[in-house]
Structures are given as C-alpha cells and as structure tokens.
1. ³J(HN,Hα) across the range 81-88 via Karplus (A = 6.51, B = -1.76, C = 1.60, θ = phi - 60°), whole Hz, x for Gly/Pro?
2. Once you have a ≥ b ≥ c as the square roots of the Cα gyration tensor eigenvalues for the range 29-97, tell me rounded if a/c is under 1.5, and otherwise prolate or oblate according to whether a/b is larger than b/c.
3. Label-point separation (nm) for Glu27 and Leu63, each offset 7 Å from Cα along Cα-to-Cβ?
4. Sort 35-46, 75-86 by packing, meaning the average of other beta carbons within 10 Å per residue, with the highest value first.
5. Compute the signed sum of charges (Lys and Arg +1, Asp and Glu -1) over the other residues within less than 10 Å, Cβ to Cβ, of Ile84.
Amino acid sequence: MSDHLYKKGENVSEQTGIPPKNPQVYEVSIQKLIHPEEFQCNECGALISASDTTEDVYKIEKLIIKDNVLYGLVIRCNQCYSTIRLIDFNIRNKEMD
Ligand SMILES: [Zn+2]
C-alpha cells in the first residue's frame, strides 16, 4: 500500500545528516541460515527477527510465490534500506522428512 514511499534512490537520511549508504539488494538462501527466524542484515548487521512485528527494523515487502508455494520473502531493512530476498523456503521440507 505504501510502496511508493520507499522508491529506490530516495534520500532517506535528511533528518540525521549522515550520507545514506547505497541501498543494496541481495539474496539470502534460508537453507544457509542456522537460525532462519533470526538473522542479521548483510549490510548493516540489523537483527531481522521473525518475532519482531513492529516493522521498526525491517518490513516484509512481498511474498515470493512459485508454483503456488511460498518460495521466499522480499524484506526491506529499515536501518540501511537494503532489500533482502530471503529465498528457498520450499526446499525446507526435505529436513522435515
Ligand atoms: Zn540493513
């Protein structure tokens, strides 16, 4: 709904006076995370925790659906404005067998 507020390239640090870092876009495979519910932003080290529902640290921008199955999430870090594509959700099942 508010996607347009976060257009890439927007100067996001007017209030702090600190030059904005270049927002990065990177991909993280959930298979490689030891604690998939809680990992750190590659760029700024912010803790992205599934139990954090405040959207202070990060925001889930959209779900990635492949073949009607949840494949991943697009997450935006609210600290450094990087975009993190958390992927490979659907491969998880092999561990549950
Ligand atoms: Zn970050």
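Every number in this text was worked out from the coordinates using simple rules, so none of it is lab data. Bear in mind that the values here come from a model prediction, so they are computed numbers and not experimental data. Neighbour counts are summed over all protein chains in view; Cβ atoms, including those assigned to glycine, are modelled from backbone coordinates with ideal geometry.
1. Using θ = phi - 60°, the values come out as 6, 6, 9, 10, 9, 8, 10, 6 Hz.
2. Working: a/c = 2.12, a/b = 1.58, b/c = 1.34.
Judged from the Cα gyration tensor, the range 29-97 comes out prolate (a/c at least 1.5, a/b above b/c).
3. According to this spin-label approximation, the distance is 2.1 nm.
4. Working: 35-46: 15.0, 75-86: 19.7.
Per-residue Cβ counts within 10 Å, averaged per peptide and sorted highest first, yield 75-86, 35-46.
5. -1
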